[in-house]
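> Before I ask anything, let me first share the structure, which is written out below as structure tokens.
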């Protein structure tokens, strides 16, 4: 797994992908920080965190699109799958490499905290909790993007489908549908279930939990379990191809 | 045979996937429902904004009938809603009889039909707290103060207390008709604490029942008549509670009747001087730091190491002879470094508040509490309580700032007057975040560095690596 991880991480910085991801992410994050915090002269980063999640929706597909689809297109996946490594190691190696690049991006924006220290007194513990939430959201997005990359050999399709799903998740979070009201009578039970599901996939609400300065284990588990689920699904997809 | 194996693998694979999805959903569902019952979070906010105060826990614990808190929403999820849910969730965790429910007023109008009249004035995220056929309203407009404090917990606790038998808060009456200046902030804090706040015209109205009331004379500019003073004295004789706030700036009138009454009947002298302390100024304000003296009122905040501020004040002195049935305690005094100018006119003529020759040396009492025992003809003992402040600002702007203990002193003084019972003193909580001071030049400098230089540098590095590899 270590070898795969190193290979993937190196690949990000031997090609423009890693640099493009970092520069675009830092550009938009800095823009938000400068206007939301420095412009409004406030040290609370809760609005910053809520908005930075939206940047992830656009930049993470760039980070994950090539993870498996590129290998598949260039047929190097056959080499990889016949190598003496477990499929889970391959998937984890790639996942961790993408997560590391994400972490570099998030960590770079942590420089905003000492900048605020120059002009005010930000609440460091609360801010770090916000960063943890942001990172976990990114980890979930990376896992989902990697899964999408594993099901297609086209990088463009992988990127666009990931963007579409992430965008749908983001927009659904802000919707106020009430299925239990729409589906009355005997279908009320189904409506209630759909309401729960809609509430469940509300990633914005989970992110808000971190922006309040509390470390709640429910959203931590939420993001990690979903990331785990998509890593697992990716393993199944690759294994299936391996068996074929 | 091969096909059968393939089929079995495919079936197993699908079962695995479905199983994994179900497990993830189930575990999350369990955790979400557990979160309603037990605290699964750590509060990292500076002022522990989501941890319930002991008073709130006590009140929540005393709710013995199913009580529902409805959060009125329009389906929009945002930080305020998360914050409200977080605070309310703690009440639910403390007592399973308290349940929290979000109601989308657009999609579920039937659920709030009974409150249609109130809904007209309520904003999003307001609360309806209901128990059988009784209900209380909390308007979300009252959640936050302008200077960054949250009153959510206090408001909910106060409303929940109305469902608890045996909790009854006193009525607080501000006198009127003497040019009194009443701080709106103070009234808001008292109302949020559950007190009924009103006014009394002491010239035409009778004083209320002594045991259930506190009368506040806030910064009067017109003296009280002899008849009013007699009524006031009779009220105190029956065990009444009175707070009087003087001020050298906002109400420097002499008020001979009131001042003589305090001197002769209570042994307290309101000096017309102006206490100032250049070395104890609180940053960016006209407030100075005061020292707390040990008393029932100050004791609960003494250990919190919070500071107490006061504005320019009249010093409160002691008369040479004090009635034997009166006990006087200093609550707040200035530091030794304080000095007092003879009066506001002297300060104006000197053109500066710096210490000058002829100024009296500190320390000076600026807030005192006194009690007076009185036995009536039937042999019943009544204790009247009096709090006198030399600065109306002691209970003004700083009361809304929880970094200072001024609010605690105000609420504790009222609680002391009522024998230490009845008030719910849940503090306001400081909201996360603060302010920065960034000049325009600094703003544009950081904009250029962070938004242009850094991303561009990374991009150029990427291009260089790419070009180098391509032409290697």
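Every read-out reported here was derived from the displayed coordinates using simple, explicitly stated rules and does not represent laboratory data. For clarity, every value in this text was computed on a predicted model and none was experimentally measured. Cβ sites come from the backbone with ideal geometry, for glycine too, and all protein chains shown count toward neighbours.
> Cα gyration tensor of the stretch A:2-242, axes a ≥ b ≥ c as square roots of the eigenvalues: rounded (a/c below 1.5), prolate (a/b > b/c) or oblate?
Oblate, since a/c reaches 1.5 and b/c is not below a/b.
> On to the next question. Just to be sure I understand the curve: with the Debye formula and one point per C-alpha of the stretch B:54-161, what is log10 I(q)/I(0) at q = 0.14, 0.15 Å⁻¹?
Computed log10 I(q)/I(0) values: -0.52, -0.60.
> Still on this structure: Using only Cα atoms, tell me the angle between helix B:406-417 and the longest principal axis of chain B; keep it within 0 to 90° and round to the nearest 10.
The answer is roughly 60 degrees.
> Using Cα centres only, tell me the gap between the stretch A:20-34 and the stretch B:167-229 in whole Å.
57
> Still on this structure, I have one more. Convert 20 °C to kelvin, take the viscosity as 1.002 mPa s, use the Kirkwood radius over C-alpha pairs of chain B as Rh, and evaluate the Stokes-Einstein diffusion coefficient in µm²/s, rounded to a whole number.
Using the Kirkwood radius from Cα pairs, D works out to 81 µm²/s.
> Of all the Cα-Cα pairs you can form in the stretch B:165-322, what percent are over 23 Å apart?
47
> Then there is this: Pick out which of A:226, A:102, A:144 has the largest mean-square fluctuation in a Gaussian network model of chain A, springs linking Cα atoms closer than 10 Å.
A:226
> Oh, and also: Using alpha-carbon pairs under 8 Å, 6+ residues apart, how would you state the relative contact order of chain A in percent?
Over chain A, the number comes to 27 percent.
> Based on the alpha-carbon gyration tensor of the stretch B:233-357 and its eigenvalue square roots a ≥ b ≥ c, which shape applies: rounded if a/c is under 1.5, prolate if not and a/b is larger than b/c, or oblate?
oblate
> Return the Rg/Rh value of the protein assembly as shown, two decimal places, where both radii are evaluated on C-alpha atoms and Rh is the Kirkwood radius.
Answer for the protein assembly as shown: 1.10.
> Could you line up A:38, A:110 from fewest to most neighbouring Cβ atoms inside 10 Å?
So the residues, fewest neighbours to most, are A:110, A:38.
> What percent of all Cα-Cα pairs in the stretch B:171-430 falls into each 5 Å bin, going from 0 up to the bin containing the maximum distance?
1, 6, 14, 18, 21, 18, 12, 7, 3, 1, 0, 0
> For the stretch B:234-278 and the stretch A:200-229, what is the centre-to-centre distance using only Cα atoms, to the nearest Å?
Centre-to-centre distance over Cα atoms comes out at 57 Å.
> For chain B, find the longest principal axis of its Cα atoms and tell me its angle to the long axis of helix B:226-237, 0 to 90°, nearest 10.
Computed tilt is about 60 degrees.
> Here is a follow-up. Tell me the angle of helix B:79-94 to the major Cα principal axis of chain B, expressed in degrees between 0 and 90 and rounded to the nearest ten.
It is inclined by approximately 80 degrees.
> Hey, got the average number of other protein chain Cβ atoms within 10 angstrom for residues in A:13-24?
5
> Please report the relative contact order for chain B, taking Cα pairs under 8 Å with a sequence separation of at least 6, and give it as a percent rounded to a whole number.
14
> Under the definition of Cα pairs under 8 Å and six or more residues apart, what whole-number percent is the relative contact order of the stretch B:171-430?
22
> Can I ask one more? Give the peptides B:198-208, A:48-58 in descending order of average Cβ contacts within 10 Å, highest first.
So the peptides B:198-208, A:48-58, ranked by packing, come out A:48-58, B:198-208.
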